[in-house]
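Structure first, commentary second.
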Amino acid sequence: MDLTGVELSILLVDDVEMRSLNHAWRGLDRTTDVLSFATRDAQPMVSGAETESLGDLVISLPMAERQAKRFKHSLETELGRLAVHGILHLIGHDHVKGGSQAERMRLEERRLMRRLSIATPPRRSRLEPAQKTRR
């Protein structure tokens with residue numbers, strides 16, 4: 001996976017904004033930890049530009065804080081974990097339907113986290129269905 005010359009935007013939001021985005025884009029009226037909006041197939045923004053936009057990640061900072069506490073690691077570790085997870089979605093991985101796709105994504109997530117020296121959570125933590133937190 002070569003992402004040289006690719007840029008990524010990351011937006012940290014509160015649960016109210018995340019819930020609104022999750023509802024607008026996925027039809028789910030609850031907050032979530034990370035949303036990915038891919039633009040990888042698009043042409044570079046400027047003709048001849050050396051970088052291309054991979055897409056946007058939106059991360060709920062309050063959700064990241066709660067998950068960091070639940071998994072007993074730092075907020076920085078959780079934000080790294082969510083960034084890796086979101087980037088995998090941006091490059092085409094999916095876990096929503098389960099099965100072998102979910103297993104491939106889980107393994108790639110753990111591999112990348114080890115490579116980036118991000119603590120890996122307990123085996124079943126990330127790819128389980130999102131909590132139904134209402135705010």
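Dividing the convex hull volume of the alpha carbon atoms of the stretch 6-115 by its residue count gives 124 Å³ per residue.
Taking label positions 7 Å along the Cα-Cβ direction at both residue 69 and residue 115, the computed distance is 3.4 nm, reported to one decimal.
DSSP beta bridges confined to the stretch 6-115 are antiparallel in about 40 percent of cases. Multiplying the residue separation of residue 24 and residue 38 by 0.36 nm and removing their Cα-Cα distance gives an extension gain of 3.5 nm.
Here, each number is a calculation from the coordinates, and none is a lab measurement. Please read all numbers here as calculations on a predicted model, not as lab measurements. Positions of Cβ are generated from backbone atoms using ideal geometry, with glycine treated the same way; all protein chains shown enter the neighbour counts.
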